[in-house]
Amino acid sequence: MSFIDVTKQMLEAAQYTLGLFFLTLLFAIPLGVIICACAMSKFKPLSYVTHLFIWIIRGTPLMLQLIIVFYGPGLILGIPMRERFLAAVIAFSINYAAYFAEIYRGGILAMPKGQYEACKVLGMSKWQTNRLVILPQVVKRITPAMSNEVITLVKDTSLANIIGLAEIIMTAKNIVATKAIIWPLFYTGVFYLIFGGLLTLFFKWLEKRTDYYKA
């Protein structure tokens with residue numbers, strides 16, 4: 001099998017990898033905000049349940065969560081999950097939302113109480129305080145942690161092959177099995193390196209953009 005043929009198959013499989021990556025961020029980022037708000041709620045039962053949920057999600061392997069989301073409905077409800085890509089998006093979104101929620105919470109808790117008091121003295125509303133003063137600083141504080149999680153997500157998309165999603169790794173494994181050549185499996189690293197490199201450049205740019213504000 002030629003290098004060009006392998007590359008074509010990899011690029012076709014990359015649509016699932018990229019789709020899973022971007023859809024996970026699309027759902028996990030706002031879902032993380034909701035989970036963070038529930039975790040920081042003054043209503044204790046809601047806060048305790050949310051912390052328990054975060055503990056379970058962060059404490060169990062993503063691979064196991066993928067298996068549960070894909071096979072669980074069929075085993076428990078008798079309604080099999082037929083869409084592998086949808087199952088992967090659901091599992092990844094829930095998993096990363098839990099991690100993002102903790103990053104958000106850490107960024108918010110790191111803010112000095114004096115800044116809230118100063119805004120109150122200046123007559124700013126709670127909405128103005130959060131939007132104009134707190135949020136810009138929180139974004140700056142959480143950018144390094146978020147960049148690590150987002151880059152990790154790129155590599156974690158390879159776990160979706162456990163439920164038979166034909167992403168890059170599974171495509172390479174199929175080529176290795178059918179063509180008896182090993183190099184396509186190592187070749188997948190090029191795709192992850194390029195994608196991760198682009199994200200690294202993006203987050204470095206983002207950090208410079210937010211560097212005007214010294215927390």
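Values quoted throughout were computed directly from the atomic coordinates according to the rules given, and no laboratory measurement underlies them. All figures in this text were calculated on a predicted structure; none of them were measured in a lab. Note that each Cβ is placed from the backbone with ideal geometry, even for glycine, and that neighbours are counted across all protein chains shown.
What number of residues within region 173-187 satisfy the criterion of being of a type in the set (Val, Ile, Thr) and either without any contact (Cβ under 8 Å) to a residue 60 or more places away in the chain or closer than 30 Å to LEU206 by Cα (or both)?
Looking only at that region, the number is 3.
Among all residue pairs at least 6 apart or on different chains, which show Cβ distances below 9 Å where the first residue, located in region 22-35, is in contact (Cβ under 8 Å) with a residue 12 or more places away in the chain and part of a helix (DSSP H, G or I) and the second is surrounded by fewer than 18 Cβ atoms within 10 Å (Cβ to Cβ) and of a type in the set (Phe, Trp, Tyr)?
LEU23/PHE85; ILE35/PHE53
If only one of LEU26, LEU75, LEU62, LEU46 is exposed (fewer than 15 other Cβ atoms within 10 Å of the Cβ) and either of a type in the set (Asp, Glu) or within 18 Å of THR157 (Cβ to Cβ) (or both), which one is it?
LEU26
Would you say TYR48 is in a helix (DSSP H, G or I), out of contact with any helix residue (DSSP H, G or I) (no Cβ under 7 Å at 6 or more places or on another chain), within 24 Å of ILE163 (Cβ to Cβ) and among the hydroxyl-bearing types (Ser, Thr, Tyr)?
No.
Can you tell me which residue among MET124, MET111, MET146, MET170 is free of Cβ contacts under 8 Å to residues at least 12 places away in the same chain and either surrounded by 12 or more Cβ atoms within 10 Å (Cβ to Cβ) or assigned to a helix (DSSP H, G or I) (or both)?
Within the list MET124, MET111, MET146, MET170, the selection yields MET124.
The rows are residues; the columns are (1) of a type in the set (Phe, Trp, Tyr); (2) more than 24 Å from LYS204 (Cβ to Cβ); (3) assigned to a helix (DSSP H, G or I).
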| position | (1), (2), (3) |
| --- | --- |
| TYR104 | yes, no, yes |
| CYS119 | no, yes, yes |
| ILE151 | no, no, yes |
| ASN161 | no, yes, yes |
| LEU165 | no, yes, no |
